[in-house]
Amino acid sequence: MKYISSKDIKLGTCLIVLHGISIMGGFIKWPLFIFAGIFMFFYIILDRHRLRCPNCGGFENLDRLNYAKKHVFHCRHCGERINIL
């Protein structure tokens, strides 16, 4: 696989937003902290398997990947172009 899927980037963004909402709600109802942990766990799995540079496996943060959906973007580690489909 020589590209990063746009759907994976959207899913990662949704997981982070849900994590933030459940953290804030956890201060009102403490069981929401459990959901925050679950959302973070699934984001970490998604990040390790799908949101890495397809050329070198280097880490790119979610903000840079969102930018790369509409612009030409190169990996910070290897310098190769990252394709978003």
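Each reported figure results from applying straightforward, stated rules to the coordinates on display, with no laboratory input. Owing to the predicted nature of the structure, the values given are computational and were not obtained by experimental measurement. Because the Cβ atoms are built from the backbone with ideal geometry, glycine has one as well, and the counts that use them run over all protein chains shown.
Anything in region 55-82 that is surrounded by 15 or more Cβ atoms within 10 Å (Cβ to Cβ), in contact (Cβ under 8 Å) with a residue 12 or more places away in the chain and of a type outside the set (Val, Ile, Thr)? List them, or say none.
Of everything in region 55-82, those that are surrounded by 15 or more Cβ atoms within 10 Å (Cβ to Cβ), in contact (Cβ under 8 Å) with a residue 12 or more places away in the chain and of a type outside the set (Val, Ile, Thr) turn out to be Asn55, Glu60, Leu62, Leu65, Asn66, Ala68, Cys75.
Considering only residues that are within 15 Å of the chain's Cα centre (by Cα) and of a type in the set (D, E, K, R), look in region 16-74 and name the one that is farthest from Tyr3 (Cα to Cα).
Ranking the candidates gives Asp63 first.
Given the residues Ile16, Ile44, which is the only one that is touching a Phe, Trp or Tyr at 6+ places or on another chain (Cβ under 7 Å), part of a helix (DSSP H, G or I) and surrounded by fewer than 16 Cβ atoms within 10 Å (Cβ to Cβ)?
On the way: Ile44 fails: touching a Phe, Trp or Tyr at 6+ places or on another chain (Cβ under 7 Å).
After ruling out the rest, the residue left standing is Ile16.
Within region 21-39, work out how many residues are free of Cβ contacts under 8 Å to residues at least 12 places away in the same chain and either under 30 Å from Lys70 (Cβ atoms) or touching a helix residue (DSSP H, G or I) at 6+ places or on another chain (Cβ under 7 Å) (or both).
Here is the first cut: in region 21-39, the residues free of Cβ contacts under 8 Å to residues at least 12 places away in the same chain are 21, 24-34, 37-38.
Still in the running and either under 30 Å from Lys70 (Cβ atoms) or touching a helix residue (DSSP H, G or I) at 6+ places or on another chain (Cβ under 7 Å) (or both): 21, 24-26, 32-33.
Selection size over region 21-39: 6.
Take region 52-85 and flag every residue that is in contact with a His (Cβ under 6 Å, 6 or more places away or on another chain) and in a loop (DSSP other than H, G, I, E, B). Outline the logic, then answer.
Filtering region 52-85 for residues in contact with a His (Cβ under 6 Å, 6 or more places away or on another chain) gives 56, 58, 81.
Listed by number, the residues that qualify are Cys56, Gly58.
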